[in-house]
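Chemist: Following this message is one structure expressed as structure tokens.
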Amino acid sequence: MDRVKSSMQQVPNAIPKVIRRTGGANSLELEKENFERGQAVSINKAINTQEVAVKEKHARTCILGTHHEKGAHTFWAAVNRLPLSSNAVLCWKFCHVFHKLLRDGHPNVIKDSMRNKSDLTDMSRMWGHLSEGYGKLCSIYLKLLITKMEFHVKNPRFPGNLQMSNRQLDEAGENDVNNFFQLTVEMFDYLECELNLFLGVFSSLDMSRSVSVTAAGQCRLAPLIQVILDSSHLYDYTVKLLFKLHSCLPADTLQGHRDRFQEQFKKLKSLFYRSSNLQYFKRLIQIPQLPENPPNFLRASALSEHISPVVVIPAESSSPESEHVVETDDLVDTDIPALPPAVETKFDDLFGTSAAIDPFNFNSQNGMRKDDKDRLIEQLTREIQALKEELESFRLESGRLCQALRGRVSELEAELAEQSHLRLQAAGESEFLKAELDDLRRVREDTEKEQRSLTEIEKKAQANEQRYTKLKEKYSELVQSHADLLRKNAEVTRQMTVAQAAQDEVDAVRKEMQEKVKAAQETADWQEREQLEQLQELQRELVSSRAELDSLKTNMASSQQSSEVLGAQLAALESERAELVQSLSKVEAELAVQGEELERVQTSLATERESGVKTAEALQNQLNEKESREQALESQLVAARWSSVQAAVEEAKKIIQDSLAQMDDPAHISCTSSADYLASRCQASLDCMDRLNSAREAFLADNTGVSGLVRVVTQCGHLVGDTIVQGSATSHMVPVEQADALSESVKSCGAEALTLLGQMKQQDSLAAADNCKLKAALEAVLATAEKLRPRGLELQQGELGDLVEKEMSATSAAVESAAARIEEMLNKSRAVDTGIKMEVNERILASCTELMQAIKKLILSSKDLQRDIVESGRGAASMKEFYAKNSRWTEGLISASKAVGWGATVLVDAADLVVQGKGKFEELMVCSHEIAASTAQLVAASKVKADKDSSNLHRLQQASRGVTQATAAVVASTKSGKSQIEEKDTMDFSSMTLTQIKRQEMDAQVLVLELETRLQKERERLGELRKKHYELAGVAEGWGEGEEGTG
């Protein structure tokens, strides 16, 4: 009984506890919060500032998130918090992830993203101002994404991944040729954006290096996978649509489509080929190759030959991005199991089967009333049911936690796999870098070898040079020895000729001697015969006379003596002949030896001559090669000179064309200029025309002087372009008729300049290029500018120069007078005023005195600087002539001097009224600001023609700073005096009732509105006064006279 009461007392407290537990946690809100948190984490991991490719698992999580929530609200909520406009890498990775969502995300992603189209357009325009790096790529990518969204909005039948069958493609055009025609144009535009991104990425990479294995290169190349997938489908659909259009429309109508397709086909084929060779794409995607030639749309049967390009993405089991799917059956089920049958029947075992039907039927045990038992039973039943529900909720919660833990385990396993892949990738990159290092080492060794071989070649060349020198010297010696041998040969020949002549003479003497001997023998024989005859006669006459016999004997003896004499003479001749023969044999031997030596020398001379001829031929060949190289280099130099001239001419044409284009630019309408500056630009352009003509003639006479022509052409382009821009800007400041005339003159000048540069760009027409028309156009612009120049003050030279001196003197006098008046007012104030008022007046007048002294110092410095300007710029002219020549500058000095003198006078009057208590402190502050502006005008007018290194200019600037400080002191002392003199209300509202305070509040609001209205009107009045002041100043400067002259 006690237990029942205690249980009845405890039951009411247990039920609210169960209800509190089950109602406190809203599983849907918790699931939504976890989903948003997970999406935000994945988006921030995928889109960050690190220059690495987007991880596939983070992008896949974002894609699954869009399918989970059936839209992209969470994605855009997270992206809008990212600084996409301040970091180009962040924006680039956003474009990559957004492209993936448009392709593979939920179809509602496109609709949800169209709300941010204007933001994407502005961001694209902002990044488009950059000409390189990720900024330019982001601009191109954003344009592509905008085009993709617009295409899918216009053509909702096309899914984001562009995968359609032929039947679906036909249904997209609704069997209307106009729809097919428009759809083809839109696909061309779509594909054009894809190709622009392709080309932009490739042009931003250094393809000479292995950029696809670096993290920065992969960051730029990763989005091209999506581009390849889109481009393959667009190419396929374009081909099919063009065949369909050619079957319905004439070929001439589709000529533009065919031309555009041909251009895009060449680009897409080249880009697919270049992409397939990159190592990064080889392991991620299989890129199709387009056919060698584009399809022939004029032949309908060519459609059957068309093969749709298929992009294959291979599945990598070891990829870090591949998520491992873990089945729930493989994990331990941590859910709370249902009660086993033994537990369910435990109550029956204790209380019996009837208790199972009525577990709390104590009717027969304690005699309680049935109503109490029923209530207790119902209460306990509700408690049991609540406990069951709590148990079920615990079971569901534990199941959800188990599922979350499984997901976390899967994520950790994926991250582990990713880390493993990164480790393998790092190892691969390390191996690649090692291989590249080995290659670099081998290249360095090869370079060193080549350097050594080059050194050896140079040494060999030097040795050959020395050998050539020696051979040349040897050849000279051989030539000399050959000449000597020729001389010796001639001498030997001469000696042989002399010896031969001597031998001939000896032969002649021998013959003569033989003839003499023969004649002597004949004489002797004849004498012997005669003697015999005489002997016979004597013998016959012997008898006759003995006397004749003795005479005969005497005659015979004498004849014998003569015979002996003749024999001695003959022996002497024989000995002389033997000596001559011996000398002749010696001479012949010497001639033989000299002949052998001559043959030997001739042989060696022939050998040396052959080697010398070969060496000479080799040297001649080298000389010919050197001359040919010199001629080739000369031709290249001539071509380079002419190309530099053409480049300069082309640059000048671009400058002039840009200047002409600025005339039609609406943003240029706000630009203005003066006729004086336009005239100076025209005069500079005319001077440059003379230099251009001289440089052109010098280049035609000698094409080596190309630098002068290039410099003059570039300068001429800049000057003429500046003249065009300044002429257009000046036309904005003159009446309509004069503006039209000036614009026409400037455009004519630009056209003539382009014509002249076009003639100078062609080598055959350079000599005939004439700048007379351009000079005439420039002179016309100069004449128009001279007409528009203000006429000034119409003063004579002497009057203008005197006026400057008078105004400066008058200003100095006004400042000195103002200083004297301030001193006088200070003395009066000291004599009359006392207390705070005297202190305020003394402080204000002291600051005004310091301001006048600073202005006086400024005027003196300005005079010194003007004297330096006149002395340095007038040359041989007088000071008055210099002032008259520079009339605009002189008028500015006069105007500034007048303003300073007038401001000083007004400041003194305002200070006098303030001291007397009749003026306003605001007038004194305004006068101070006016004096500061006038002195600034005087400083600007003084230093406009001054030398920046002038000491007087430095003193003038110091004096100007002193005036500024003195002006600030006047304003500060005025504000301080005003705060001391003016009475301040204590604003005591303690005695006022609620109605009175409300009334005062309304009056204050009315007064505030009145003062605000009055302030607005006074500001408008101040603006009108300034406009009028500007107009009057323009009339004073002579602007109005130019208009009257044109009228």
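The values are calculated or read from the model by the stated rules, or taken from the named source; none is laboratory data. Owing to the predicted nature of the structure, the values given are computational and were not obtained by experimental measurement. Glycine also receives a Cβ, built like all others from the backbone with ideal geometry; neighbour counts cover every protein chain displayed. The accessibility values were calculated without ligands, DNA or RNA, using every heavy atom of the protein model including side chains. Shrake-Rupley method; radii C 1.70, N 1.55, O 1.52, S 1.80 Å.
Chemist: Could you run through the stretch 903-957 and say how many residues are among the acidic types (Asp, Glu) and not in a helix (DSSP H, G or I)?
Modeler: Step one: of the stretch 903-957, the residues among the acidic types (Asp, Glu) are 909, 912, 922-923, 930, 947, 949.
Now restrict to residues that are not in a helix (DSSP H, G or I): 947, 949.
The total comes to 2.
Chemist: Criterion first (within 22 Å of Thr811 (Cα to Cα) and modelled with pLDDT of 75 or more) does Lys856 satisfy it? Outline the logic, then answer.
Modeler: Numbers: within 22 Å of Thr811 (Cα to Cα): yes; modelled with pLDDT of 75 or more: yes.
So Lys856 fits the description; yes.
Chemist: Kindly establish whether Phe202 is surrounded by fewer than 20 Cβ atoms within 10 Å (Cβ to Cβ) and among the aromatic types (Phe, Trp, Tyr). I'd like the intermediate steps shown before the answer.
Modeler: Values: surrounded by fewer than 20 Cβ atoms within 10 Å (Cβ to Cβ): yes; among the aromatic types (Phe, Trp, Tyr): yes.
In short, yes.
Chemist: Additional query: List every residue pair whose Cβ atoms lie under 7 Å apart, where the two residues are 6 or more positions apart in sequence or sit on different chains, the first residue falls within the stretch 417-432 and is more than 18 Å from Tyr280 (Cβ to Cβ), and the second residue, located anywhere, is open to solvent by less than 50 Å² (accessible area, probe 1.4 Å) and not hydrophobic (A, V, I, L, M, F, W, C).
Modeler: Close Cβ pairs satisfying both conditions: Ala417/Pro320.
Chemist: Say whether the condition of being touching a residue at least 40 places away in the same chain (Cβ under 8 Å), surrounded by 11 or more Cβ atoms within 10 Å (Cβ to Cβ) and in a helix (DSSP H, G or I) is met by at least one residue in the stretch 443-463.
Modeler: Taking the stretch 443-463 as the starting set, the residues that turn out to be touching a residue at least 40 places away in the same chain (Cβ under 8 Å) are none.
No, because not a single residue in the stretch 443-463 is touching a residue at least 40 places away in the same chain (Cβ under 8 Å), surrounded by 11 or more Cβ atoms within 10 Å (Cβ to Cβ) and in a helix (DSSP H, G or I).
Chemist: Does Val479 fit the bill of being at pLDDT below 75 and farther than 27 Å from Lys586 by Cβ? Write out each step before concluding.
Modeler: On the way: at pLDDT below 75: yes; farther than 27 Å from Lys586 by Cβ: yes.
Yes.
Chemist: Residue by residue through the stretch 286-313, note down the ones that are touching a residue at least 12 places away in the same chain (Cβ under 8 Å), farther than 23 Å from Ile228 by Cβ and assigned to a loop (DSSP other than H, G, I, E, B).
Modeler: Looking only at the stretch 286-313, we keep the residues that are touching a residue at least 12 places away in the same chain (Cβ under 8 Å), and these are 286-291, 294-295, 297-298, 300, 302-303, 306-313.
With the extra rule that they be farther than 23 Å from Ile228 by Cβ, the set shrinks to 297-298, 300, 302-303.
Phe297, Leu298 - these are the residues of the stretch 286-313 that are touching a residue at least 12 places away in the same chain (Cβ under 8 Å), farther than 23 Å from Ile228 by Cβ and assigned to a loop (DSSP other than H, G, I, E, B).
Chemist: On to the next question. Out of Val97, Val109, Val185, report the one residue that is modelled with pLDDT of 90 or more, assigned to a helix (DSSP H, G or I) and open to solvent by 10 Å² or more (accessible area, probe 1.4 Å). Give the steps one after another, and end with the answer.
Modeler: Numbers: Val97 fails: open to solvent by 10 Å² or more (accessible area, probe 1.4 Å); Val109 fails: open to solvent by 10 Å² or more (accessible area, probe 1.4 Å).
Exactly one residue qualifies, and that residue is Val185.
Chemist: Still on this model: I need a count of the residues in the stretch 256-285 that are open to solvent by 50 Å² or more (accessible area, probe 1.4 Å) and of a type in the set (Ser, Thr, Tyr).
Modeler: 2
Chemist: Follow-up. State which residue pairs qualify: first residue modelled with pLDDT under 70 and inside the stretch 559-572, second residue open to solvent by 60 Å² or more (accessible area, probe 1.4 Å) in any location, beta carbons under 7 Å apart, and separation of 6 or more residues or different chains.
Modeler: Ser559/Gln527
Chemist: Okay, next question. Tally time: how many residues in the stretch 229-246 are in contact with an Asp or Glu (Cβ under 9 Å, 6 or more places away or on another chain) and open to solvent by less than 10 Å² (accessible area, probe 1.4 Å)?
Modeler: 3
Chemist: Condition first: farther than 30 Å from Lys488 by Cα and open to solvent by less than 70 Å² (accessible area, probe 1.4 Å). Now tell me which residues in the stretch 591-634 satisfy that.
Modeler: Listed by number, the residues that qualify are Ala618, Leu619, Asn624, Ser628, Ala632.
Chemist: Next question. In the stretch 379-391, which residue that is charged (D, E, K, R) and open to solvent by less than 80 Å² (accessible area, probe 1.4 Å) is modelled with the lowest pLDDT?
Modeler: Here is the first cut: in the stretch 379-391, the ones charged (D, E, K, R) are 382-383, 388-390.
Then keep just the ones that are open to solvent by less than 80 Å² (accessible area, probe 1.4 Å); that gives 383, 390.
On the way: Glu383: 87, Glu390: 84.
Among them, the one singled out is Glu390.
Chemist: Check Val734, Val746 and return the single one that is assigned to a helix (DSSP H, G or I), under 16 Å from Leu782 (Cα atoms) and touching a residue at least 60 places away in the same chain (Cβ under 8 Å).
Modeler: Matching residue, one of Val734, Val746: Val746.
Chemist: Are any residues in the stretch 392-424 within 30 Å of Thr214 (Cβ to Cβ) and either touching a strand residue (DSSP E or B) at 6+ places or on another chain (Cβ under 6 Å) or open to solvent by 40 Å² or more (accessible area, probe 1.4 Å) (or both), and if so, which ones?
Modeler: Residues of the stretch 392-424 that are within 30 Å of Thr214 (Cβ to Cβ), as a first pass: 411-424.
Answer for the stretch 392-424, where residues must be within 30 Å of Thr214 (Cβ to Cβ) and either touching a strand residue (DSSP E or B) at 6+ places or on another chain (Cβ under 6 Å) or open to solvent by 40 Å² or more (accessible area, probe 1.4 Å) (or both): Glu411, Leu412, Glu413, Glu415, Leu416, Gln419, Ser420, Leu422, Arg423, Leu424.
Chemist: Quick one: how many residues across the stretch 146-164 are within 38 Å of the chain's Cα centre (by Cα), surrounded by 16 or more Cβ atoms within 10 Å (Cβ to Cβ) and within 16 Å of Ser232 (Cα to Cα)?
Modeler: 3
Chemist: Which count do you get for residues in the stretch 641-678 that are open to solvent by 50 Å² or more (accessible area, probe 1.4 Å) and either within 22 Å of Thr730 (Cβ to Cβ) or not polar (S, T, N, Q) (or both)? Step through it out loud before you land on a result.
Modeler: Applying the first criterion (open to solvent by 50 Å² or more (accessible area, probe 1.4 Å)) to the stretch 641-678 yields 643, 646-647, 650-651, 654, 657-658, 661-662, 664-667, 669-672, 674, 677.
Now narrow it down to the ones that are either within 22 Å of Thr730 (Cβ to Cβ) or not polar (S, T, N, Q) (or both): 647, 650-651, 654, 657-658, 661-662, 664-667, 669-672, 674, 677.
Of the residues in that region, 18 qualify.
Chemist: Also: Please go through (1) open to solvent by less than 30 Å² (accessible area, probe 1.4 Å); (2) outside any helix (DSSP H, G or I) for His129 and return the number of the only condition it doesn't satisfy.
Modeler: Failed condition: (1).
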